[in-house]
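Below is one structure, written out as structure tokens; comments come after it.
Taken together, the values in this text are just the output of simple stated rules run on the coordinates, not laboratory data. Bear in mind that the values here come from a model prediction, so they are computed numbers and not experimental data. For neighbour counting, all protein chains shown are included, and Cβ atoms are generated from backbone atoms with ideal geometry for every residue, glycine included.
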Amino acid sequence: MINCHSASRLISKSREYPLPLLKRFSLFIHLKACDACHNFLRHVEIFSRVAKNPEDSNQDIDEAMKMRILNHLRHHQNTPPDHL
Amino acid sequence: MPNAEETKTINPEKWIDSHGKILFRYAMAHLQNEALAEDCVQDTLVAALEHSHSFNGQSSELTWLTGILKHKIIDIYRKRHRITYENEFYTDENADNTDNFFDQSGHWVNAPADWGDPLKLAEKKAFRQVFETCLKKMPASLALLFSCRESLEMNTEEICNTLGITTVNSRIMLYRARLHLQGCIQTNWDLSSEIQT
């Protein structure tokens, strides 16, 4: 049976690509018997969830910001690129 | 189907009106700084203007703009952390420098505990704060890679191209990043408060 070090490595890899059947099976067997690695699996999913949904800011682009950006863009549009 | 005429009429004001809000919020969510987020959106639109010929109409305008924005955010992450990868290269998958997390027989030194309902946890402000702090504490190159993968949802190929690392490296580094988060959060997250609420 694989140890926790190997199991945790497989858990992380399984987030990146589908594990080969044999590895998936050995991880499955390990997880059946190991609470710690089972928790790690759940935590890795939590990390992903928290990272994907950063707190929504209610801030919005206001008129002043829009004008600043637009002015910058217009200026840029009218300036020929340096290398020409 | 957008025709040639349509792609020629570049209208930045229309971009700001239809996508500005989403782009700005996206930048804010990842940078947590209004001035930086504004610069980022501005730089994105400048780059879009310069490369408007590369927009082929296959993806939506928003997807295209968001793609550019992601790269601008990564540039800022890079500057913020002054990333050097020198110490983070691994060629051997088993030499992943995780000795301090496991004992000689491969058991956890600090076994991951049950933190409670994952769905509830992810919503908790206090937990998010611990998470953010732990992300800042880990080696900068690991944090950058983790953010590219999980926050910006880049795939392995995009990550390798953008950061100039190999697939093997990126997997080992992501593993280390996750172990760091596991260890740091376990130390800093007050489980007793979790049980009370």
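Other residues lying with their Cβ under 13 Å from the Cβ of B:Ser18 contribute a combined charge of 0, Lys and Arg counting +1, Asp and Glu -1. When the C-alpha to C-alpha distance is required to be over 25 Å, the pairs from A:Lys52/B:Lys136; A:Lys32/B:Lys125; A:Lys32/A:Lys52 that qualify are A:Lys32/B:Lys125; A:Lys32/A:Lys52.
Modelled spin labels at B:Glu61 and B:Lys14, positioned 7 Å past Cα toward Cβ, are 0.5 nm from each other. Residue exposure proxy: A:Cys34, B:Cys160, ordered by other Cβ atoms within 10 angstrom of their Cβ from fewest to most, comes out as B:Cys160, A:Cys34.
Could you tell me which of rounded, prolate or oblate describes the range A:1-54, using a ≥ b ≥ c as the square roots of the eigenvalues of the alpha-carbon gyration tensor, with rounded for a/c under 1.5 and, failing that, prolate when a/b is larger than b/c and oblate otherwise? Oblate is the answer for the range A:1-54, as a/c is 1.5 or above yet b/c matches or exceeds a/b.
Which FRET efficiency, nearest 0.05, do A:Ser26 and B:Arg128 yield, Cβ-Cβ r, R0 35 Å?
With a Förster radius of 35 Å, E is 0.55.
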